[in-house]
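Just so it is clear, none of the values below were taken in a lab; they were calculated from the coordinates. In this text, all values refer to a predicted model and were calculated from it rather than measured experimentally. Ideal geometry is used to build each Cβ from the backbone, glycine not excepted, and the neighbour counts take in all protein chains shown.
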Amino acid sequence: MSTIPLAELGESSGSQWQTWPVETRLLESTPGFVIFDLPGAQHYVGEARLGSRLIPGNATMLVRHLTYVFATLEQQRSGASIGLKSDPADAAGAVEALADELADDFSSGRLSTSPGLRLDAELLAPVLAHDQRNLIGNDDRGGISFDYELVGVGAAAAAAGLLGGLDGKRIAIEGFGPAGLGIAREAVSAGATIARVATAKGCANGQLDPVALAEAWLADGEMCVATLSGVSEPAKPWTVWQDDVDVLFCGSKPGAMSGDGASMAGSTPVVAFSSAAVSSKALAVLRAAGTPVAADFVAAAGPALGWWADPVLTHDDLRSATADTVAAVMTETADHDDGPFMAACYRAESFLQTWQDELPFGRPLG
């Protein structure tokens with residue numbers, strides 16, 4: 001882990017920043033592109049997404065999130081993203097063309113991807129067949145993947161780092177889904193209670209049980225909030241930001257927590273668990289209020305610990321590694337004068353400077 005004291009890190013540390021966008025390679029065999037964040041990385045990793053209106057700029061923070069995950073783990077790897085600019089009806093042909101055009105990148109392990117927007121594992125199979133990573137993260141764990149379980153382990157550890165533990169704490173989860181279910185299970189096992197969960201369809205309130213949450217999510221998806229509330233029209237999604245809990249988890253999308261959401265949250269600590277879930281405006285509001293924010297690239301680092309893990313490592317080994325890694329980073333960053341989010345950025349950037357001439361332009365903020 002980092003050996004550079006965080007007290008020596010910050011905006012005045014002499015960093016050189018790139019002034020150009022990420023590298024974007026246009027595909028030749030099918031409409032689309034591949035984004036590479038950093039030059040000279042050992043591996044490039046990121047989701048493949050499908051949509052006729054995709055543009056590279058909208059994926060930059062998805063890529064940057066993973067770059068900072070790898071830097072947090074002190075790995076010389078980089079975020080990446082694949083965009084296939086096709087309609088869903090043409091998805092199979094687009095994926096086949098992608099697999100053929102980038103066959104060398106995929107088969108060598110230089111580029112690895114996973115299903116993203118409008119692409120599932122079945123559609124992406126021609127590409128995933130070449131994945132060189134440890135696939136333990138795909139294992140089913142009570143209806144969610146082990147990768148999502150590790151996000152839950154890391155997010156709970158990040159929250160515990162902000163609060164000094166989760167026993168007796170009340171939590172709210174924005175962007176409830178597979179990762180949110182992982183968080184709920186870990187938080188409750190640590191003694192917390194779930195006061196609220198929200199999806200794009202609404203917000204459910206009450207002391208919610210992880211078993212009931214799992215059943216509702218697996219049966220009804222985002223409409224689980226109606227099932228859990230017992231009403232056809234649950235509370236509005238934005239009500240999840242109310243400040244009557246001990247910690248707020250957010251992760252529905254980039255910029256999920258806006259400036260308005262941050263104002264509602266007040267002094268309630270925030271844990272981001274997906275790419276750039278906190279907007280730059282929200283972070284400014286929270287920092288002005290002295291509210292601690294755990295970075296998405298710390299809380300969600302767990303899956304990356306498994307991607308190149310020794311095959312002999314078990315689920316329990318990787319759970320422990322995730323909890324210990326996140327706890328160590330939180331201990332190192334939680335009391336920084338600029339807050340834990342910025343301290344985590346400085347920490348990641350100090351590692352990036354050991355192998356990059358310039359830092360990528362823009363931090364992982366929505």
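Summary table below
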item	result
Cα gyration tensor shape of the range 252-317, rounded if a/c is under 1.5, else prolate or oblate by comparing a/b with b/c	prolate
Overall form of the range 249-366 per C-alpha gyration tensor (a/c, 1.5; a/b vs b/c)	prolate
Relative contact order for the range 214-337, counting Cα pairs under 8 Å that sit 6 or more residues apart, in percent	17
Alpha-carbon centroids, the range 340-366 and the range 66-101: separation in whole Å	22
Extension gain (nm, one decimal) between Asp120 and Asp357, 0.36 nm per residue minus Cα-Cα	81.6 nm
Relative packing of 171-179, 88-96, 278-286, which averages over residues the other C-beta atoms within 10 Å, highest first	171-179, 278-286, 88-96
Hypothetical label at Glu74: residues of the range 326-344 whose amide nitrogen lies under 17 Å (7 Å Cα-Cβ projection)	326-333, 344
Over the chain: helical MRE at 222 nm, DSSP H runs n ≥ 4 each giving -39500 (n - 2.57), nearest 500	-11000 deg cm²/dmol
Long-range lysine pairs (8 or more apart or interchain), the chain, Cα under 18 Å	4
Contact order relative to length of the range 6-132, as percent, for alpha carbon pairs under 8 angstrom and 6 or more apart	28
Gyration tensor (alpha-carbon) shape descriptor, the range 13-153, a/c threshold 1.5	oblate
Gaussian network model of the chain, springs between alpha carbon atoms under 10 Å - residue of Asp317, Asp209, Asp131 with greatest fluctuation	Asp317
Label point 7 Å beyond Cα of Asp335 along Cβ direction - residues of the range 147-164 with amide nitrogen under 16 Å	161-164
The chain, relative contact order [Cα under 8 Å, separation at least 6], %	20
Length released on extending from Ala289 to Arg25, taking residue separation times 0.36 nm less the Cα-Cα span	90.9 nm
Peptide ranges 307-315, 295-303 listed from the most packed, as the mean C-beta count within 10 angstrom indicates	295-303, 307-315
Cα-projected label distance for Ala219 with Lys236, points at 7 Å along beta-carbon direction, nm	2.9
